[in-house]
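*Asks:* Questions regarding the structure given below will be posed in turn.
The values are calculated or read from the model by the stated rules, or taken from the named source; none is laboratory data. Please read all numbers here as calculations on a predicted model, not as lab measurements. Here the Cβ positions follow ideal geometry from the backbone for every residue, glycine too, while neighbour counts run over all protein chains shown. For the accessible areas, the whole protein counts, side chains as well, though only heavy atoms, and no ligand, DNA or RNA atoms are used. Shrake-Rupley method; radii C 1.70, N 1.55, O 1.52, S 1.80 Å.
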Amino acid sequence: MPETPPPPPDQDPGKVAEIPVELDRSRIPTHVACVMDGNGRWANQRGLPRTEGHAAGEIALVDAVDGALALGVKWLTMYAFSTENWRRPADEVRYLMGFNESLLMRRRDELNEKGVRIRFSGRRDWRVPRRVLKQMDESAELTKKNRRLTLTMAFNYGGRAEIIDAVKAMVAEGVAEKNVTEKALRKHLYHPDMPDPDLVVRTSGEHRISNYLLWEMAYSELVFPEVLWPDFRREHLYEAVLEFQRRERRYGGLET
Ligand code: FPP
């Protein structure tokens, strides 16, 4: 057994973190995308099955949403299941399908009350069980009029798959070669109205993109906090935004 780990933050008697005073409220990233990494390691450290790490990640997800709402972030995208995650052990895949389904059932009303629009990005016509699709559709339908924050769950999502699907759609439409432009391709992504992420946060200290938002991430600022996803709380989001505000974005140009 590993050494006794610290209690998870949700059991701490602590309070909700305040937005740091040094955070510039006039320079909040419009779109933050997260890779919720480290659930398995968090569970291992506690001698628990990996699935318990995913379960503990739900509190982190909800707290990240609350942090985004407090900051006024308009778009939050979460990597919940990748097109490559089907390669994980069958038990874990089955668990993750059921977990995502039940998470939506548990959380959609409170998210709706908070003004969150829930959307999904990914391949819906490939391998996802029908009952999961049903919960996805119902959650999207319930929350479709909300505009305070758009929470996109990247589910059965792959960046390369998204680009391939866009190219296929263009070919199917008979788009002429001269019309194959960045603007035209963007129009065929899963959510053409979604702005590119300004900030991408991958937890657990791994410095990888893992096939996430490949097209959209071209000029995103990347931040890699060491914290494992189940321990992620809004203060980590605030820290990441502070780091974002210290960076200087040039988009290939020169300092102005
Ligand atoms: C990418 O790393 C990470 C993801 C696709 C996130 C997966 C997240 C979960 C399974 C948990 C979801 C949790 C909640 C609370 C909904 P990777 O492991 O696919 O890629 P890698 O092999 O390059 O590390």
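*Asks:* Just to be sure I understand, how many residues within the range 215-256 are away from the ligand (no atom under 16 Å from the Cβ) and either over 18 Å from G205 (Cα atoms) or in contact with a His (Cβ under 7 Å, 6 or more places away or on another chain) (or both)? If you could, list the steps in order and put the result at the bottom.
*Replies:* We begin by selecting, within the range 215-256, every residue away from the ligand (no atom under 16 Å from the Cβ); these are 215, 218-219, 221, 235, 238-256.
Going one step further and asking which of them are either over 18 Å from G205 (Cα atoms) or in contact with a His (Cβ under 7 Å, 6 or more places away or on another chain) (or both), we end up with 215, 218-219, 245-256.
Of the residues in that region, 15 qualify.
*Asks:* Hey, another quick one. Considering only residues that are free of Cβ contacts under 8 Å to residues at least 40 places away in the same chain and either more than 11 Å from the ligand (Cβ to nearest atom) or more than 25 Å from V116 (Cβ to Cβ) (or both), which ones fall in the range 44-90?
*Replies:* Within the range 44-90, L48, P49, E52, R87, R88, P89, A90 qualify.
*Asks:* If a residue counts only when it is of a type in the set (D, E) and closer than 21 Å to L76 by Cα, which helices (runs of 4 or more DSSP H) contained entirely in the range 115-210 have at least 1 such residues? Don't jump to the end; show me each part of the working.
*Replies:* Numbers: elements: 130-143, 159-173, 182-186.
Where helices (runs of 4 or more DSSP H) fall fully within the range 115-210 and carry at least 1 residues being of a type in the set (D, E) and closer than 21 Å to L76 by Cα, they are 130-143, 159-173.
*Asks:* Further, regarding this structure: Taking the options G57, G53, G47, G67, name whichever one is assigned to a loop (DSSP other than H, G, I, E, B) and either closer than 26 Å to K15 by Cβ or more than 17 Å from the chain's Cα centre (by Cα) (or both). If you could, list the steps in order and put the result at the bottom.
*Replies:* On the way: G57 fails: assigned to a loop (DSSP other than H, G, I, E, B); G53 fails: assigned to a loop (DSSP other than H, G, I, E, B); G67 fails: assigned to a loop (DSSP other than H, G, I, E, B).
Step by step, each of G57, G53, G47, G67 is checked, and only G47 is assigned to a loop (DSSP other than H, G, I, E, B) and either closer than 26 Å to K15 by Cβ or more than 17 Å from the chain's Cα centre (by Cα) (or both).
*Asks:* What's the number of the only condition in (1) at pLDDT below 95; (2) open to solvent by less than 60 Å² (accessible area, probe 1.4 Å) that T256 fails to meet?
*Replies:* Single failed check for T256: (2).
*Asks:* Can you run down the residue pairs with Cβ atoms below 8 Å, 6 or more apart or on separate chains, where the first is in the range 232-256 and closer than 15 Å to A64 by Cβ and in contact (Cβ under 8 Å) with a residue 12 or more places away in the chain and the partner is in a loop (DSSP other than H, G, I, E, B) and open to solvent by 70 Å² or more (accessible area, probe 1.4 Å)?
*Replies:* Qualifying pairs under 8 Å: R234/V16.
*Asks:* Taking the range 188-207 as the search range and keeping residues that are within 16 Å of the ligand (Cβ to nearest atom) and charged (D, E, K, R), which one is nearest to S121 (Cα to Cα)?
*Replies:* Step one: list which residues in the range 188-207 are within 16 Å of the ligand (Cβ to nearest atom), which gives 190, 197, 200-207.
From the residues that got through so far, the ones that are charged (D, E, K, R) too are 202, 206.
Details: R202: 18, E206: 23 Å.
If we take residues in the range 188-207 being within 16 Å of the ligand (Cβ to nearest atom) and charged (D, E, K, R), then R202 is nearest to S121 (Cα to Cα).
*Asks:* Also: Looking for whichever is of a type in the set (A, V, I, L, M, F, W, C) and in a strand (DSSP E or B) here; the options are V32, V73. Which one fits? Walk me through how you get there before you give the answer.
*Replies:* Numbers: V73 fails: in a strand (DSSP E or B).
On inspection, the qualifying residue turns out to be V32.
*Asks:* Okay, next question. For residues that are free of Cβ contacts under 8 Å to residues at least 60 places away in the same chain and open to solvent by 20 Å² or more (accessible area, probe 1.4 Å), tally how many sit in the range 112-143. Give the derivation first.
*Replies:* Filtering the range 112-143 down to residues free of Cβ contacts under 8 Å to residues at least 60 places away in the same chain leaves 112-118, 120, 123-143.
Narrowing further to those that are open to solvent by 20 Å² or more (accessible area, probe 1.4 Å): 112-114, 117, 120, 123-127, 129-131, 133-134, 137-138, 140-142.
Counting residues in the range 112-143 that are free of Cβ contacts under 8 Å to residues at least 60 places away in the same chain and open to solvent by 20 Å² or more (accessible area, probe 1.4 Å) gives 20.
*Asks:* Kindly provide the set of residues from the range 32-46 that are crowded, with 24+ Cβ neighbours inside 10 Å and acidic (D, E), ordered by number.
*Replies:* None - no residue of the range 32-46 is crowded, with 24+ Cβ neighbours inside 10 Å and acidic (D, E), so the list stays empty.
*Asks:* Let me ask something else. Identify, by number, the condition in (1) away from the ligand (no atom under 11 Å from the Cβ); (2) open to solvent by less than 20 Å² (accessible area, probe 1.4 Å); (3) within 29 Å of H188 (Cα to Cα) that L104 doesn't meet.
*Replies:* (1)
*Asks:* Is it the case that P20 is within 16 Å of the ligand (Cβ to nearest atom), at pLDDT 95 or above and surrounded by fewer than 17 Cβ atoms within 10 Å (Cβ to Cβ)?
*Replies:* Numbers: within 16 Å of the ligand (Cβ to nearest atom): no; at pLDDT 95 or above: yes; surrounded by fewer than 17 Cβ atoms within 10 Å (Cβ to Cβ): yes.
Spelling it out, it is not the case that P20 is within 16 Å of the ligand (Cβ to nearest atom), at pLDDT 95 or above and surrounded by fewer than 17 Cβ atoms within 10 Å (Cβ to Cβ).
*Asks:* Would you be able to say whether some residue in the range 135-150 is within 20 Å of V201 (Cβ to Cβ), within 12 Å of the ligand (Cβ to nearest atom) and either within 15 Å of the chain's Cα centre (by Cα) or at pLDDT 95 or above (or both)?
*Replies:* Looking through the range 135-150, none of the residues is within 20 Å of V201 (Cβ to Cβ), within 12 Å of the ligand (Cβ to nearest atom) and either within 15 Å of the chain's Cα centre (by Cα) or at pLDDT 95 or above (or both).
*Asks:* Could you tell me whether H236 is under 21 Å from the mean Cα position of the chain (by Cα) and outside any loop (DSSP other than H, G, I, E, B)? Step through it out loud before you land on a result.
*Replies:* Values: under 21 Å from the mean Cα position of the chain (by Cα): yes; outside any loop (DSSP other than H, G, I, E, B): yes.
It is true that H236 is under 21 Å from the mean Cα position of the chain (by Cα) and outside any loop (DSSP other than H, G, I, E, B).
*Asks:* Could I ask something else about it? Test Y212 against the criterion of being open to solvent by less than 20 Å² (accessible area, probe 1.4 Å), more than 24 Å from I28 (Cα to Cα) and touching a strand residue (DSSP E or B) at 6+ places or on another chain (Cβ under 7 Å), and give yes or no.
*Replies:* Values: open to solvent by less than 20 Å² (accessible area, probe 1.4 Å): yes; more than 24 Å from I28 (Cα to Cα): no; touching a strand residue (DSSP E or B) at 6+ places or on another chain (Cβ under 7 Å): yes.
No.
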